[in-house]
Structures are given as C-alpha cells and as structure tokens.
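The values are calculated or read from the model by the stated rules, or taken from the named source; none is laboratory data. All values reported here derive from a predicted model rather than from experimental measurement. For neighbour counting, all protein chains shown are included, and Cβ atoms are generated from backbone atoms with ideal geometry for every residue, glycine included.
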Amino acid sequence: MAHVYINEASLLKDFNKLTQENQDKAGRYIKNLLRVQRAETKLCGQVSHVEWKEHELARSATEDKIRCSFCGKPQSVAERIIAGSDVYICDDCVKLCAEIVEEEEKKEQAALAKS
C-alpha cells in the first residue's frame with residue numbers, strides 16, 4: 001500500500017531522496033495524472049452537458065445506439081464517430097489521445113537527445 005503524505009514538506013523530503021532518473025519518472029507520472037484529471041473534468045462537463053441536452057435530441061433510437069466507447073457521447077452529438085470492431089471513438093477523444101501520444105513522443109525524443 002502506498003504511503004499517504006499529510007503535508008507537502010514530507011512529500012518533498014522523500015522526493016528529494018530519489019535518483020534523478022526516478023525524479024524524472026515521478027514528474028512524468030504526476031504530469032500524466034494531472035492531464036488525465038483535466039481530461040476527466042472536461043469529459044464530465046461534456047457528459048453533463050450531453051445529459052442536459054438529451055431531452056432536446058429527438059433522434060431515432062438507432063442513431064443513439066452508437067456512442068463513443070470512451071466518453072459515452074452519442075453519435076447524434078459528436079461531429080464524427082470512428083467505428084472499430086464493436087467499439088467507437090468520437091473526434092474529441094481522438095484529439096485527446098493524439099495530444100497524449102504527441103507529448104509522450106516529445107518526451108522520448110528529449111530523452112534520446114540527452115543520451
């Protein structure tokens with residue numbers, strides 16, 4: 001079980017004990033957690049908006065059967081839905097994934113440049 005820090009000072013004390021490599025890994029991990037948290041907050045807001053708007057969307061039942069497998073957005077609300085084998089992804093989720101991949105590639109290139 002992970003240690004729970006009650007204050008920032010004890011967290012920083014332990015962080016400073018880490019090797020530079022592990023500090024870098026921890027930093028990337030924290031950045032990824034923050035990015036996921038921001039994306040989750042954004043998606044929750046979109047889902048709330050979609051839920052609020054659903055009563056206005058008098059679409060046929062077949063149109064709304066197709067939803068993004070990641071955020072749940074119905075096809076009638078998304079600009080585009082890409083279909084896979086029993087999975088779907090909306091344009092907003094594709095953009096978010098592309099940003100994550102791009103950032104990871106930049107980090108990998110920077111790490112290679114340091115080597």
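Looking only at the stretch 60-81, residues that are modelled with pLDDT under 70, surrounded by 14 or more Cβ atoms within 10 Å (Cβ to Cβ) and assigned to a loop (DSSP other than H, G, I, E, B) come to 0 in all. Candidates are the residues of the stretch 20-58 that are closer than 22 Å to G72 by Cα and β-branched (V, I, T); the one that is modelled with the highest pLDDT is V36. Might you check whether a residue that is under 29 Å from E102 (Cβ atoms), surrounded by fewer than 11 Cβ atoms within 10 Å (Cβ to Cβ) and under 25 Å from the mean Cα position of the chain (by Cα) occurs anywhere in the stretch 10-20? The answer is no, given that none of the residues of the stretch 10-20 is under 29 Å from E102 (Cβ atoms), surrounded by fewer than 11 Cβ atoms within 10 Å (Cβ to Cβ) and under 25 Å from the mean Cα position of the chain (by Cα).
Among the residues of the stretch 82-92, what is the count of those that are free of Cβ contacts under 8 Å to residues at least 40 places away in the same chain and either surrounded by 13 or more Cβ atoms within 10 Å (Cβ to Cβ) or over 14 Å from I66 (Cα atoms) (or both)? Counting residues in the stretch 82-92 that are free of Cβ contacts under 8 Å to residues at least 40 places away in the same chain and either surrounded by 13 or more Cβ atoms within 10 Å (Cβ to Cβ) or over 14 Å from I66 (Cα atoms) (or both) gives 5. Among the residues of the stretch 77-99, the ones that are within 16 Å of the chain's Cα centre (by Cα) and of a type in the set (A, V, I, L, M, F, W, C) come to 7 in all.
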